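Heads up, the thing below is written out as structure tokens.
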Amino acid sequence: MAAAGGQPRFPFAGAFPITGSGAVDARRDQEPDAARDMAKTIYVLNGPNLNLLGTREPEIYGRATLADVEKLCRATAERLGWTLEFRQSNHEGELVDWIHEARAKQAAGLVINPAGYSHSSVAILDALLTLAAPIVEVHISNIHAREPFREHSYVSKAARAVICGFGVHGYALAITGLAAMIDAKG
Ligand code: DHK
């Protein structure tokens, strides 16, 4: 196909720009930075009612607040040289969206306390099963020493490790263990 001026015309030229090596090099310089950041990022996701930590059934979940847990997680991650995304939601779909985000951004690993959704959510399990990165499941309480319905967790099917019964210290153990798993692989 030739344009009026005798120049060949490529209808998809705009969609598939042919760039000089300078532009390609510039992109190459940028992309690895973002990829490198995410390669050092761990997601810590918290499910429903964990925003009430500290005041919710303290005889089971203790007196530490979610802000205390975040501080503990950040200190642990920082000591190990990891960056942290720390989130909590009372909504199943939002947790699923964050798992998709961790997948899309190629996070290095994910810690999740799915709280009540542990025992009911196939949607969260399915989302976790799409992640190539290792997953550690955390429960503050010992779910095996409580009501029978808490003994089964759907999420465990996708988890490389499960920690329960250590109180909020379990989060620090989860991050430490996850970091060791990632380092061992990479
Ligand atoms: C937290 C919850 O909210 C419960 O629904 C789970 C978990 C246990 C925990 O121990 O962190 O059954």
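The numbers here are math on the coordinates, done by the rules we state, and not lab data. The structure displayed is predicted, hence computed values, not measured ones. Note that each Cβ is placed from the backbone with ideal geometry, even for glycine, and that neighbours are counted across all protein chains shown.
May I ask you to list the residues in the range 141-186 that are among the aliphatic types (A, V, I, L, M) and either under 21 Å from Val122 (Cα atoms) or free of Cβ contacts under 8 Å to residues at least 40 places away in the same chain (or both)?
So the first thing to find is which residues in the range 141-186 are among the aliphatic types (A, V, I, L, M), and the list is 143, 145, 155, 158-159, 161-163, 168, 172-175, 178-182, 184.
Listed by number, the residues that qualify are Ile143, Ala145, Val155, Ala158, Ala159, Ala161, Val162, Ile163, Leu173, Ala180, Ala184.
With the requirement that a residue be over 29 Å from Leu131 (Cα atoms) and within 11 Å of the ligand (Cβ to nearest atom), what does the range 59-71 give you?
Ile60, Gly62 - these are the residues of the range 59-71 that are over 29 Å from Leu131 (Cα atoms) and within 11 Å of the ligand (Cβ to nearest atom).
Please note which strands (runs of 3 or more DSSP E) are completely contained in the range 75-186 and include at least 3 residues that are closer than 13 Å to Tyr43 by Cα. It would help to see each step written out before you state the result.
Values: elements: 83-88, 109-113, 135-139, 161-164.
In the range 75-186, 83-88, 109-113, 135-139 are the strands (runs of 3 or more DSSP E) which contain 3 or more residues that are closer than 13 Å to Tyr43 by Cα.
Of all residues in the range 34-58 being away from the ligand (no atom under 12 Å from the Cβ) and part of a loop (DSSP other than H, G, I, E, B), which is nearest to Glu78 (Cα to Cα)? Walk me through how you get there before you give the answer.
First, the residues of the range 34-58 that are away from the ligand (no atom under 12 Å from the Cβ): 34-45, 54-55, 58.
Filter once more, so that each one left must be part of a loop (DSSP other than H, G, I, E, B): 40, 54-55.
On the way: Lys40: 11, Gly54: 24, Thr55: 28 Å.
This residue is Lys40.
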